[in-house]
1. Please check: in the Gaussian network model of the chain (C-alpha springs, under 10 Å), which one of T64, T55, T161 has the largest mean-square fluctuation.
2. For the stretch 102-152, what is the accessible area per residue in Å² when the probe is 1.4 Å?
3. Which percent of the accessible area of the stretch 33-179 is formed by carbon and sulfur heavy atoms (probe 1.4 angstrom)?
4. Along Cα→Cβ, 7 Å out, is where each label goes; now give me the distance between the ones at R149 and E131 in nm to one decimal.
5. Restricting to the stretch 34-127, what percent of DSSP beta bridges are antiparallel, rounded to 5?
6. Given +1 on the Cβ of Lys and Arg, -1 on the Cβ of Asp and Glu, and no further charges, what dipole in debye does the chain carry about its Cα centre, rounded to the nearest 20?
7. Below 8 Å, C-alpha to C-alpha, sequence gap of six or more: please give me the relative contact order for the stretch 47-186 in percent.
8. Would you work out the relative contact order for the stretch 40-90, in percent, from Cα pairs under 8 angstrom that are 6 or more residues apart?
Amino acid sequence: MICGEKINLRAVERSDLEQLVLWRNDPEIFRGFFTTFPLSLGAQASWYEELQRRTDKKVFIIETKERQAVGTIGFDQIDWKNQKAEFGNMLVDKAHRGCGYASDATRTMLRFGFDQMNLNRIYLEVYAWNEEAVQLYQKCGFEIEGVLRQTYYAQGKFNDTVLMAMVRDDWRARGAGSNGHKGAER
C-alpha cells in the first residue's frame, strides 16, 4: 500500500472491475478520457488480465483512510531505461470530489514515481477544456510544456490537449521529495 495524507493507493483487484466499469462509463467521467466507446465488463476483465503481465503500466485504486474506493490513478508508458512515465488513469468518483483526494493522490503518486520508481520525468496530456484538471496538476507542480492542437476527436470536434510535465529536480526543489511529504509506503 502507498500512503498519502488523506488517501492510500492499492493494487487493482479483480473485485474492483464492476466499479471500474461504472466509473469509466459515467458520462461526466467518460468525456475526460481519450477513449471512444463505452466499456464492457468483459473488456475491463481483459484489461485487468493484460495489466497483470505488463511492466510498462501500473494502475492503482485510490482509497480513503476508511478503505472506501473513490477512484483510480496510475502510470502508463513506463520507460525504465530513460526513467520516465506518463501520469494518467486519474479519476475520482463524483461523490468524492472537492475532498482533496485528487490532489493528495497526485502528490502521492509523484512521490512514489520519483522516490520509489526512480523516475526522472513524469508527464501527462489533458484536454485543454478541462481547466479544473489543468489547475490541479499545476497546483501539484506540473508545468505546461505546450498545447497539442486538435489531437483527439471527441464530442463532434477535434480537441486540443495540454502537455504537462515535472522532473525530479523540480519535485525536490519544491520540497516535495522524500522528506517533504508525510506519506509513506508500507
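The values are calculated or read from the model by the stated rules, or taken from the named source; none is laboratory data. These figures come from a predicted structure and were not determined experimentally. Cβ atoms come from the backbone with ideal geometry, glycine included; neighbour counts cover every protein chain shown. When the accessible area is computed, the model is the full protein with side chains, heavy atoms only, and any ligands, DNA or RNA have been set aside. Shrake-Rupley method; radii C 1.70, N 1.55, O 1.52, S 1.80 Å.
1. T55
2. With the other protein chains kept in place, the stretch 102-152 gives 47 Å² per residue.
3. 46
4. Going by the 7 Å Cα→Cβ label model, 2.2 nm.
5. Details: 12 of 15 bridges.
Percent antiparallel among DSSP bridges in the stretch 34-127 is about 80.
6. Numbers: 26 positive and 26 negative charges, 72 e Å.
Magnitude of the dipole: close to 340 debye.
7. 17
8. It rounds to 26 percent for the stretch 40-90.
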